Amino acid sequence: STYLDGIENKVPSPQMEEFNLNVGRIFVTRLLLHRQALPYLQAARAFSEARVLAARCHIELGELDQAREMLKSLLAAIAASAADLVLELTPENETGRANLLLARVEFSEANYAAAEATIKLIPQASASWQEGQLLFAAMLTQRGLRDDFQKVKETLDPLPKMAEAKRLTSTKSTDPNLIYPYDPAMCEALVLYAQTDAQFRQPIETGDKPPVKPSDAVLRMLEVAKATDPLSAEPYLAEGRLKQRLGDFPGALEAYMAGLVIDPGNVRLNYAVAALRYKAGVVSEAKDLASRCLRQNPKFHPALVLLGEIALSDLDRLRDDLMQRRAAGEKVAFESELLGPLKEATAFFQGALEVQPAQPEVKLTLASLYLQLADITPATMNVKADAEDVRRAYLVKARDLAGELMAAVRKLGERSSVDEQATASEIAATPTPACFNVYAAACYAMGEYAQARSALEEHLAILRGPNARKHFASNRVLSDYRNSEHVKYAERWLAAIRANERQYVEREEFSGEFKPDFYGQWNIVNAPKPDLSFMKSTGAGIKDGKLTIGLAGQKEAFVVSRLSVPKNYATLTRFSARFDKRGEQLFHRGVSLTKLSSNTGKPGLAPVNCVMLGIDPQGQVFWQVRRFKLDDQARQEEVVAGDLIDVRRYNGPLDKDAPLTLALVRRLSTDRSNIVFVAVINGYEVELTLPEGLDDVRRNDLEDKSLQIDCGFFVWALSDVAGEFSVDSAQFVFDSGLGKPE
């Protein structure tokens, strides 16, 4: 208050500057009022101490650019021996102090090269030199490149503190003459030196095995570190990380919590506990702790990434909840309910990349989220033109982010040599070719089919080429990637794009005038015989651009009736039909693909088996496989496989009044030995899992000239059930290369 009174009464210079410096110092060091301190420190900027304190204020306020500018101007003034600058310390010590603080600014933003260059400018005669070496060792430890751990040892070994520290660690803790000095610098050096141990960096697979025992030497170093600075939480953080790596999760949590007792606001400790709790499934606690980290340091990007991952897990749970609510009959606006949480997850990952752009996995996740936003956001907008603009904007963002990662992957392939000593940090910093899939998906959605195909081809060429290893951080990463879903996705969609280029399409719009017992190119299947009421209902037939299929009252329960059209067995890849609505009929109905053969011993073509996709009376989607034995009057056809399809697989349940598109797709398995059947419900693909023993259905017999395929509609019901359903259009897709190798 005395200083403030003097300032208010305008004491003469140089007392005015000294009073401002004293007020600023008290605000910074005692009251922690950093914003309020700045005007006083600015008024006292003739003192080097005032500029250093002002830089500290900017750092605490997150204004790193201002702090950097302040320190650089101070260093320039010291170097020029400015007449208007009053030094608190010797020029060497002033230079060392300012460079040390500037290096901390660069380190906080992971500008490792700039931080290292600044540390080298600290004069060895400066009182800050040893602290600068400790900061350099901390930077190397955090960066975690393969040579950094050896550099840490080389940096710490010459320090006088390290010699005394090694003496203490080599002395038994039970020695009655052992006295620990209070020395925070020694504590920091011991914690950093302990982390050069192989257990901190080599891959350790614990699995279901008991935890690996920590090194006695490391534990002793951390024990001495705790004793030399009882107020530091760093030894507990290092101990927790080590135990977590070795599989001792309860021990890790105990160490972290002990550290938080000493320093409750420690950002890295709070984050470590948050990550551990998240892995244990305690999501709410993990979210609270990660949020606490950001309150302490809004630019702590690991917490932003963790909150993004938590938001994604919440999004998955929300999807399941919406499915259950819809299944219970509640009307649910899927897109509107998902949009907010999806944008929240996106914001966290965006924030993490703004702080630290060198996070390829985060960048890939963000690009994938943009694809989801491109799919969901337009459905929540009323103006169609605006919706399309928003959709394209998200797709462009996804494409561009993935494109940046693709460029990095290509650059990896230009390396002259690789080795197997990649650290966890290097693996995390190395992008994988999964980015090519996201790029292809974005291009395809924008209609850029050639670019999509090219990206998928390049993805697979990288994996199959002689330089595949150069594109990955280690052989192990490459091996795991080759067995990942990313590769299967690329193979499947490249095959689909190539097939699209070969395909031609036939469409049936059911035009023409209605005539009794006339169904255009469609015919009633008489083997096995249909129910006597099939197509006898009032509206059955083709009329007003629709094919109406009906029962006048099922005569014999469960008899299946079919209406079909023959197609080429070797080339048909997809049969789809659009129903005017799902409806609420009391019968089973749907689409089918029936294999017929001229080698059954029967005259002409006879059915062999049939794959069916349909809707049951409860509005659920089901599939079946049936075999035919026309000689067995009691069992002319039998169900050999089938199941309901989980509503979550097709964004169901289905609205009874909404149009419905069902399709059956045939394609070859990866090894081209089997035919794979895929059900498509309103655009959602579900591969049908056919059990073993159905070789007549699964095997690749596309070259068999004796076979034909019928595309058709089916219906069956209990006795006396009557009703109709209508089809707006049908589509047949043929692939001339379906059975041929790529």
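The values are calculated or read from the model by the stated rules, or taken from the named source; none is laboratory data. No experiment lies behind these values; they were computed from the predicted model shown. Because the Cβ atoms are built from the backbone with ideal geometry, glycine has one as well, and the counts that use them run over all protein chains shown.
Quick notes
- Answer from L253, L222, L260 - the residue that is part of a helix (DSSP H, G or I), crowded, with 20+ Cβ neighbours inside 10 Å and not assigned by TED's automatic domain parsing to the domain that holds E188: L222
- Candidates in region 651-674 are the residues that are within 30 Å of the chain's Cα centre (by Cα) and farther than 19 Å from V621 by Cβ; of these, the one that is surrounded by the fewest Cβ atoms within 10 Å (Cβ to Cβ) is D671.
- Test: residue in region 204-223 that is in contact (Cβ under 8 Å) with a residue 60 or more places away in the chain and under 22 Å from E154 (Cα atoms): no
- Flag set for T689, criterion: loosely packed, with under 15 Cβ neighbours inside 10 Å, part of a loop (DSSP other than H, G, I, E, B) and free of Cβ contacts under 8 Å to residues at least 24 places away in the same chain.
- Where helices (runs of 4 or more DSSP H) fall wholly inside region 319-426, the ranges with 3 or more residues that are exposed (fewer than 14 other Cβ atoms within 10 Å of the Cβ) are 334-355, 384-412.
- Considering A495, A455, A468, A461, the condition of being hydrophobic (A, V, I, L, M, F, W, C), more than 30 Å from A540 (Cα to Cα) and in contact with an Asp or Glu (Cβ under 8 Å, 6 or more places away or on another chain) is satisfied by A495 alone.
- Checking the stated criteria, A103 turns out not to satisfy the condition of being touching a Gly at 6+ places or on another chain (Cβ under 9 Å), over 25 Å from L140 (Cα atoms) and surrounded by 21 or more Cβ atoms within 10 Å (Cβ to Cβ).
- Any chance A82 is small (G, A, S), within 30 Å of L4 (Cα to Cα) and surrounded by fewer than 16 Cβ atoms within 10 Å (Cβ to Cβ): yes
- Index of the failed condition, F714 passing every other in (1) more than 37 Å from the chain's Cα centre (by Cα); (2) more than 21 Å from L605 (Cα to Cα); (3) in a strand (DSSP E or B): (2)
- Listed by position, the helices (runs of 4 or more DSSP H) enclosed by region 1-75 that each have at least 2 residues that are of a type in the set (A, V, I, L, M, F, W, C) and under 23 Å from A103 (Cβ atoms) are 34-43, 48-60.
- Residue pairs whose Cβ atoms lie under 9 Å apart, separated by 6 or more positions or on different chains, with the first residue in region 142-162 and in the same structural domain as A110 (by TED's automatic domain parsing) and of a type in the set (F, W, Y) and the second loosely packed, with under 14 Cβ neighbours inside 10 Å and in a helix (DSSP H, G or I), are F149/A198.
- Selection within region 692-727 - surrounded by fewer than 17 Cβ atoms within 10 Å (Cβ to Cβ) and at pLDDT 95 or above: L718, S719, D720
- Within region 234-250, if we keep just the residues that are small (G, A, S) and buried (at least 20 other Cβ atoms within 10 Å of the Cβ), the residue that is nearest to D197 (Cα to Cα) turns out to be A238.
- Residue within region 656-670 that is under 24 Å from A499 (Cα atoms), in the same structural domain as M612 (by TED's automatic domain parsing) and not in a strand (DSSP E or B) present: yes
- One residue stands out in region 307-316 among those that are among the charged types (D, E, K, R) and at pLDDT 90 or above: the one that is surrounded by the most Cβ atoms within 10 Å (Cβ to Cβ), namely E309.
- Selection status of Q199, modelled with pLDDT of 80 or more and in contact with a Phe, Trp or Tyr (Cβ under 9 Å, 6 or more places away or on another chain): no
- When N526, N437 are screened for being farther than 23 Å from F734 by Cα and crowded, with 18+ Cβ neighbours inside 10 Å, only N437 passes.
- Filter pass, T95 being over 30 Å from L145 (Cα atoms), out of contact with any strand residue (DSSP E or B) (no Cβ under 8 Å at 6 or more places or on another chain) and either without any contact (Cβ under 8 Å) to a residue 60 or more places away in the chain or not polar (S, T, N, Q) (or both): no
- Here D84 passes the criteria (1) in contact (Cβ under 8 Å) with a residue 12 or more places away in the chain; (2) assigned to a helix (DSSP H, G or I); (3) more than 26 Å from F107 (Cα to Cα); (4) out of contact with any strand residue (DSSP E or B) (no Cβ under 9 Å at 6 or more places or on another chain) except the one numbered (2).
- Residue tally, condition out of contact with any Phe, Trp or Tyr (no Cβ under 7 Å at 6 or more places or on another chain), closer than 18 Å to S368 by Cβ and assigned to a helix (DSSP H, G or I), over region 452-486: 2
- Any hit, region 660-680, residues being in contact with an Asp or Glu (Cβ under 6 Å, 6 or more places away or on another chain) and not aliphatic (A, V, I, L, M): no
- Residues in region 558-570 that are under 21 Å from S706 (Cβ atoms) and either touching an Asp or Glu at 6+ places or on another chain (Cβ under 6 Å) or of a type in the set (A, V, I, L, M, F, W, C) (or both) were compared, and the one that is surrounded by the most Cβ atoms within 10 Å (Cβ to Cβ) is S564.
- Checking Q620, Q624, Q585 one by one, the residue that is touching a residue at least 12 places away in the same chain (Cβ under 8 Å) and crowded, with 21+ Cβ neighbours inside 10 Å is Q585 and no other.
- Residues of region 501-555 satisfying the condition of being at positive phi and either outside the structural domain of L605 (by TED's automatic domain parsing) or among the aliphatic types (A, V, I, L, M) (or both): M535
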